[in-house]
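*Asks:* Structure incoming, see below.
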Amino acid sequence: MKITVIGTGYVGLVSGACLAEMGNDVLCLDLDPEKIRILKEGGIPIHEPGLDAVVARNVEAGRLHFTTDVAEAVRFGTIQFIAVGTPPDEDGSADLQYVLSAARNIGRLMTDYKVVVDKSTVPVGTADKVKAAIAEELAARGLSLEYAVVSNPEFLKEGAAVEDFMRPDRIVVGADDERAVHLMRALYAPFQRNRDKLVVMDVRSAELTKYAANAMLATRISFMNELALLADRMGADIEMVRQGIGSDPRIGYHFLYAGCGYGGSCFPKDVKALIRTARENGQALQVLQAVEDANDVQKMVLVDKIVARFGEDLSGRRFALWGLAFKPNTDDMREAPSRVIIAELFKRGATVTAYDPVAMTEAKRIFGDEPRLAYAEKPMDALEGADALVIVTEWKEFRSPDFERIRSALKQPVIFDGRNLYETELPRSFGIEYSAIGRR
Ligand SMILES: NC(=O)C1=CN([C@@H]2O[C@H](COP(=O)(O)OP(=O)(O)OC[C@H]3O[C@@H](n4cnc5c(N)ncnc54)[C@H](O)[C@@H]3O)[C@@H](O)[C@H]2O)C=CC1
Ligand SMILES: O=C(O)[C@H]1O[C@H](OP(=O)(O)OP(=O)(O)OC[C@H]2O[C@@H](n3ccc(=O)[nH]c3=O)[C@H](O)[C@@H]2O)[C@H](O)[C@@H](O)[C@@H]1O
């Protein structure tokens, strides 16, 4: 099939490459000439394990192309995936300007039947707005061409995006148009290995399903984070509690890890946007509001522990910080807890030496030439002469460090672990003060 992907960001690039891998002809459009230049020269503008190989293979096979030419992109695909960003507006609602501008471009330039697929995460009712935007543009041209608007939200996780796309738990398709459903079924047929992964529903339910999934996952995390705070006070161990409840199949083990708060480009933004949509429609989502509030508290937990140990005034102190990305296997720092922690440490007069295996370039872009933030080439280099180690992201390479070296490198042998990486007795057996989240 001929597919255009509009927006060659995280989701657009992964979707485009994986759909090409399934034998489709894919043209990826982005308005950012720099991104398209990198891709045309054989580079990858994001860090995502395994993606470079899929992109290279399909470019080589002549199935995957990149362009900044909107007219060419609209002409190309019968299926037009909209995968542009939907960042939070000032009031927390999803900013639809990029989605609607992509839709207008389609209406302005299309000459035959198109299935327009909303892959971006968009509030309930957006498909209707996309439909109306295209209709307006067609009317302005005096045309009445046929088209359908479909909702096909994406559930991939950064760091495991290719695997998630190629082996999805489910594919949600919201459509009110039979011809479009047939096309989407055919498109996703190669993904239906053992059982039917396609869940077809009406458009509004599909739009809400995406937010429901992210909101449910965020709820689990905030719930465990609050219990971890309680465990800290009561001398219980949240890791034991996790194992104790996760064994119940109705609860399950996934997404029950307490930590220093959820970040990333999606949970924070989607939780906010769903709360906003609900409020606009006269329905309070009290549970979800609490999920968000609890996460704001959680991003401060490590700072609170540091202050409790070293005092409110941290001037003259330097902290080693392991992990800048919002989670491992990505260089993405959007809404990363590290950003809050670094800012709060600065506020109290401290400086920071950070290490991250892939996100330091991104950190330099964000923090510029901030003199209070230094970078280390290796994890152990960050520790020399620092007052304590703060662990913010659970990169694999932090999991079994040389504790003896940590103890001797630090001025005070203290670890604040925001990701519960170690059996608590282990660092302690090396004479290190070890403070984690909800651990005994
Ligand atoms: N990043 C993730 O892991 C996931 C993101 N999503 C959703 O997918 C959507 C996209 O997210 P990301 O890929 O992270 O965004 P991104 O910010 O990485 O990429 C968006 C791209 O769209 C381009 N763009 C904007 N307007 C355009 C237009 N009119 N025509 C062509 N290109 C245009 C931008 O230049 C940018 O490269 C969002 O709604 C997000 O919530 C859904 C699942 C996972
Ligand atoms: O809509 C989206 O964009 C995506 O959002 C999340 O994916 P992602 O943001 O890439 O990362 P996650 O693995 O979900 O982690 C999000 C945050 O939650 C934190 N987390 C996760 C799991 C856990 O048990 N505890 C916890 O604190 C992570 O550290 C991270 O900061 C969802 O998992 C995807 O299904 C969804 O498609």
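The values are calculated or read from the model by the stated rules, or taken from the named source; none is laboratory data. As the structure is a computational prediction, the values presented were derived from the model and not from experiment. FYI the Cβ positions are ideal-geometry reconstructions off the backbone, even for glycines, and counts take in every protein chain you see. Ligands, DNA and RNA are excluded from the accessible area calculation, which covers all protein heavy atoms including side chains. Shrake-Rupley method; radii C 1.70, N 1.55, O 1.52, S 1.80 Å.
*Asks:* Is it the case that some residue within segment 146-161 is in the same structural domain as Gly23 (by TED's automatic domain parsing), open to solvent by 80 Å² or more (accessible area, probe 1.4 Å), over 20 Å from Leu13 (Cα atoms) and at pLDDT 95 or above?
*Replies:* Yes, segment 146-161 has at least one match.
*Asks:* Determine which member of the set Val84, Val124, Val70 is hydrophobic (A, V, I, L, M, F, W, C), within 16 Å of ligand 2 (Cβ to nearest atom), touching a strand residue (DSSP E or B) at 6+ places or on another chain (Cβ under 9 Å) and open to solvent by 10 Å² or more (accessible area, probe 1.4 Å).
*Replies:* Residue meeting the stated conditions: Val84.
*Asks:* Just to be sure before I move on: is Glu335 farther than 24 Å from Met240 by Cβ, within 16 Å of ligand 1 (Cβ to nearest atom), open to solvent by 80 Å² or more (accessible area, probe 1.4 Å) and of a type outside the set (Lys, Arg) in the structure I sent?
*Replies:* In short, yes.
*Asks:* Still on this structure, please answer the following. In segment 103-121, which residues are over 29 Å from the mean Cα position of the chain (by Cα) and open to solvent by 50 Å² or more (accessible area, probe 1.4 Å)?
*Replies:* Within segment 103-121, Arg108, Leu109, Thr111, Asp112 meet the criteria.
*Asks:* Now a separate question. So which residues in segment 6-34 are open to solvent by less than 10 Å² (accessible area, probe 1.4 Å), within 16 Å of ligand 2 (Cβ to nearest atom) and of a type in the set (A, V, I, L, M), if there are any at all?
*Replies:* Residues satisfying the conditions are Leu13, Val14.
*Asks:* From Gly316, Gly263, Gly282, grab the single residue that is in a loop (DSSP other than H, G, I, E, B), surrounded by 16 or more Cβ atoms within 10 Å (Cβ to Cβ) and at pLDDT 95 or above.
*Replies:* The conditions single out Gly263.
*Asks:* Within segment 46-59, which residues are surrounded by fewer than 17 Cβ atoms within 10 Å (Cβ to Cβ) and under 24 Å from the mean Cα position of the chain (by Cα)?
*Replies:* Within segment 46-59, Pro49, Gly50, Asp52, Ala53, Ala56 meet the criteria.
*Asks:* Would you point out the residue of segment 34-64, among those that are touching a residue at least 40 places away in the same chain (Cβ under 8 Å) and outside any helix (DSSP H, G or I), that is nearest to Met166 (Cα to Cα)?
*Replies:* Step by step, filter segment 34-64, then rank; the result is Gly50.
*Asks:* Here is a further query. Among the residues in segment 409-426, are any closer than 24 Å to Glu239 by Cα, modelled with pLDDT under 95 and touching a Ser or Thr at 6+ places or on another chain (Cβ under 7 Å)?
*Replies:* There is no residue in segment 409-426 that is closer than 24 Å to Glu239 by Cα, modelled with pLDDT under 95 and touching a Ser or Thr at 6+ places or on another chain (Cβ under 7 Å).
*Asks:* Another question, if that's okay. Restricting attention to segment 266-278, does a residue exist that is more than 22 Å from the chain's Cα centre (by Cα), surrounded by 14 or more Cβ atoms within 10 Å (Cβ to Cβ), in the same structural domain as Ala218 (by TED's automatic domain parsing) and away from ligand 1 (no atom under 16 Å from the Cβ)?
*Replies:* Scanning segment 266-278 turns up at least one residue that is more than 22 Å from the chain's Cα centre (by Cα), surrounded by 14 or more Cβ atoms within 10 Å (Cβ to Cβ), in the same structural domain as Ala218 (by TED's automatic domain parsing) and away from ligand 1 (no atom under 16 Å from the Cβ).
*Asks:* Further, regarding this structure: Out of the helices (runs of 4 or more DSSP H) lying entirely within segment 167-253, which hold 1 or more residues that are closer than 24 Å to Asp270 by Cβ and modelled with pLDDT under 95?
*Replies:* Per the criteria, 178-188.
*Asks:* Any residue that is part of a loop (DSSP other than H, G, I, E, B) and of a type in the set (S, T, N, Q) - is there at least one of those in segment 414-423?
*Replies:* Yes; the residues of segment 414-423 include at least one that is part of a loop (DSSP other than H, G, I, E, B) and of a type in the set (S, T, N, Q).
*Asks:* Still on this model: State yes or no: is Phe346 over 16 Å from the mean Cα position of the chain (by Cα) and either in the same structural domain as Leu389 (by TED's automatic domain parsing) or part of a loop (DSSP other than H, G, I, E, B) (or both)?
*Replies:* Against the criterion (over 16 Å from the mean Cα position of the chain (by Cα) and either in the same structural domain as Leu389 (by TED's automatic domain parsing) or part of a loop (DSSP other than H, G, I, E, B) (or both)), Phe346 qualifies.
*Asks:* Say we look at segment 88-99 and pick out the residues that are open to solvent by 50 Å² or more (accessible area, probe 1.4 Å) and not aromatic (Phe, Trp, Tyr); which of these is nearest to ligand 2 (Cβ to nearest atom)?
*Replies:* The selected residue is Pro88.
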